[in-house]
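Some notes on the structure that comes next.
The values are calculated or read from the model by the stated rules, or taken from the named source; none is laboratory data. Note that the structure is predicted; figures quoted are calculated from it, not measured. Backbone-built Cβ (ideal geometry, glycine too); neighbour counts: all protein chains shown. Only protein heavy atoms, including side chains, enter the accessible area calculation; ligands, DNA and RNA are left aside. Shrake-Rupley method; radii C 1.70, N 1.55, O 1.52, S 1.80 Å.
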Amino acid sequence: MKKAHTKSPVMRRASRIFLNDANSGKAAIVQDFLHQCHDVTQYFVDLFWQREDFTADLGDLATVHRGRDRFGITTRLAQALAKQAKEVCRAAHANGTRKPRIRRWTTTLYSHFMTLEVFTGEHFDYALRLIGSGVPRLVLPVHSTKHLNGLLDAGWTRAKTVRLGWRKGRLFVECLLEKARPALKTAGEVVGMDSNYKHGLVFSDGQTTGDTAYDTIQGFAKRQKHTHAHIKSLVGQALKQIDFTHIRVLCIEDLKHVKAFKRGTFPRRLNRRLSHWLYNFLAEKLANCCQEHGIRFERKHPWKTSQFCRFCQKWDRRNRRGDLFACRTCGHTDHADFNAAHNLAFLGLAGAYGLRSLQNAHGV
Ligand SMILES: [Zn+2]
């Protein structure tokens with residue numbers, strides 16, 4: 001989760017639509033095309049990585065031509081794929097990871113290759129037009145989705161760039177949407193949020209949500225049959241219950257450190273990878289909500305947040321007993337989850353990343 005916090009004036013979202021209505025002949029052509037794009041992009045990644053070229057500019061023409069000639073594609077397409085390869089290399093290099101392997105069959109295409117136009121006929125909402133310039137020439141009918149319509153109703157506008165992809169045997173198109181980013185709020189509360197599988201999302205301002213969603217997820221995670229899509233919709237519904245209007249800063253636990261710090265964070269019977277994925281997904285969704293509401297979103301170190309008493313600023317392992325927090329020093333009591341959420345808000349107010357740094361700074 002190392003994302004550069006560039007304060008772009010524009011917020012971006014993507015909305016995926018599976019093209020279930022594409023006829024199999026056209027779908028096969030597009031699949032072949034995506035496979036080729038994948039191979040070309042990986043070829044460029046290998047080249048740039050070997051040269052340690054992590055710059056942001058376009059691929060140089062000599063390299064673009066090399067790819068073009070090797071794969072027999074157009075210069076324009078080679079240029080677009082070289083650019084994507086450069087972005088992939090730059091992101092991986094910035095994150096300090098190894099040479100990227102392109103795993104997804106997804107290609108981002110600008111409007112001179114492909115457009116998504118509003119369809120004027122009756123049966124479909126959009127027409128996905130692959131124009132040429134190295135892209136197979138064809139038109140695919142597209143049905144809109146609730147997700148896309150919701151974003152458009154909420155004032156998002158479609159960007160000219162479209163992403164085309166293939167996943168588990170299904171072709172999809174991804175609309176990229178943009179909206180002006182609201183200014184950060186200057187008034188409101190600093191709120192902390194603690195999540196666990198027992199009580200869902202618990203906010204220090206008293207709001208709770210998602211307990212039934214987490215119950216459901218826990219129930220079916222064992223069987224691994226349910227899709228991530230189902231979990232996404234459960235989390236989405238839970239987030240819709242939250243009132244963000246009075247919040248100025250929202251603090252949650254930093255995923256990097258959410259491990260064995262707290263009991264109840266990851267139940268033993270739940271797949272660990274799924275737990276991480278779920279937390280990551282939840283944090284990303286919350287970050288998006290905050291962005292849309294002009295709320296500052298901060299990640300905090302969860303160290304001792306379940307054992308710390310913010311009134312007397314002491315902690316004790318024995319302060320927490322199941323769902324109850326009872327300070328052994330000053331006698332303050334609270335629900336354990338609210339106490340943790342309050343402590344995250346406390347870190348937000350103190351402007352500290354974790355209790356450890358607060359301890360070092362103030363001798364707590
Ligand atoms: Zn206390």
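At a glance:
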| item | result |
| --- | --- |
| Filtered residue count, the range 153-166, keeping only those that are surrounded by 15 or more Cβ atoms within 10 Å (Cβ to Cβ) and of a type outside the set (A, V, I, L, M, F, W, C) | 4 |
| Residue count, the range 106-133 (criterion: of a type in the set (S, T, Y), open to solvent by 20 Å² or more (accessible area, probe 1.4 Å) and in contact with a helix residue (DSSP H, G or I) (Cβ under 8 Å, 6 or more places away or on another chain)) | 4 |
| Pair list, Cβ < 7 Å and 6+ apart or interchain, from the range 291-312 residues that are more than 18 Å from E189 (Cβ to Cβ) and open to solvent by 30 Å² or more (accessible area, probe 1.4 Å) to residues that are of a type in the set (A, V, I, L, M) and in a helix (DSSP H, G or I) | W303/L355; K304/L355 |
| In the range 275-305, the residues that are modelled with pLDDT of 90 or more and of a type in the set (G, A, S) | A283, A287, G294 |
| Hey, C330 open to solvent by less than 40 Å² (accessible area, probe 1.4 Å) and either more than 20 Å from D243 (Cα to Cα) or within 21 Å of the chain's Cα centre (by Cα) (or both) or not | no |
| Helices (runs of 4 or more DSSP H) (entirely within the range 146-248) containing at least 2 residues that are touching a Phe, Trp or Tyr at 6+ places or on another chain (Cβ under 8 Å) | 211-221, 228-240 |
| Residues (out of contact with any Cys (no Cβ under 7 Å at 6 or more places or on another chain), surrounded by 12 or more Cβ atoms within 10 Å (Cβ to Cβ) and either in contact (Cβ under 8 Å) with a residue 40 or more places away in the chain or under 17 Å from L164 (Cβ atoms) (or both)) located in the range 135-152 | V135, P136, L138, V139, L140, P141, V142, H143, S144, T145, H147, L151 |
| Among the candidates G169, G192, G210, residue that is at positive phi and either buried (at least 18 other Cβ atoms within 10 Å of the Cβ) or modelled with pLDDT of 90 or more (or both) | G210 |
| Unmet requirement for I102, which otherwise passes all of (1) touching a residue at least 60 places away in the same chain (Cβ under 8 Å); (2) open to solvent by 20 Å² or more (accessible area, probe 1.4 Å); (3) touching a Phe, Trp or Tyr at 6+ places or on another chain (Cβ under 9 Å) | (3) |
| Residue in the range 283-328 that is farthest from the ligand (Cβ to nearest atom), counting only those that are basic (K, R), part of a strand (DSSP E or B) and under 19 Å from S357 (Cα atoms) | R299 |
| Residue count, the range 329-345 (criterion: polar (S, T, N, Q) and either closer than 18 Å to K198 by Cβ or more than 14 Å from the ligand (Cβ to nearest atom) (or both)) | 2 |
| Flag for Q84 being in contact (Cβ under 8 Å) with a residue 12 or more places away in the chain, farther than 22 Å from F172 by Cα and either open to solvent by less than 50 Å² (accessible area, probe 1.4 Å) or touching a helix residue (DSSP H, G or I) at 6+ places or on another chain (Cβ under 6 Å) (or both) | no |
| Scan of the range 61-88 for residues that are in a helix (DSSP H, G or I) and either within 20 Å of R16 (Cβ to Cβ) or of a type in the set (A, V, I, L, M) (or both), ordered by number | L61, A62, V64, L77, A78, A80, L81, A82, Q84, A85, E87, V88 |
| Test for V88: is it more than 21 Å from the chain's Cα centre (by Cα), at pLDDT 90 or above and either among the polar types (S, T, N, Q) or closer than 13 Å to V40 by Cβ (or both) | no |
| Test result for L349, assigned to a helix (DSSP H, G or I), open to solvent by 50 Å² or more (accessible area, probe 1.4 Å) and within 30 Å of A180 (Cβ to Cβ) | yes |
| Every pair of residues 6+ apart whose Cβ atoms lie under 7 Å, when the first sits in the range 319-332 and is under 11 Å from F308 (Cα atoms) while the second is aliphatic (A, V, I, L, M) | N319/A326; R320/A336; F325/A336 |
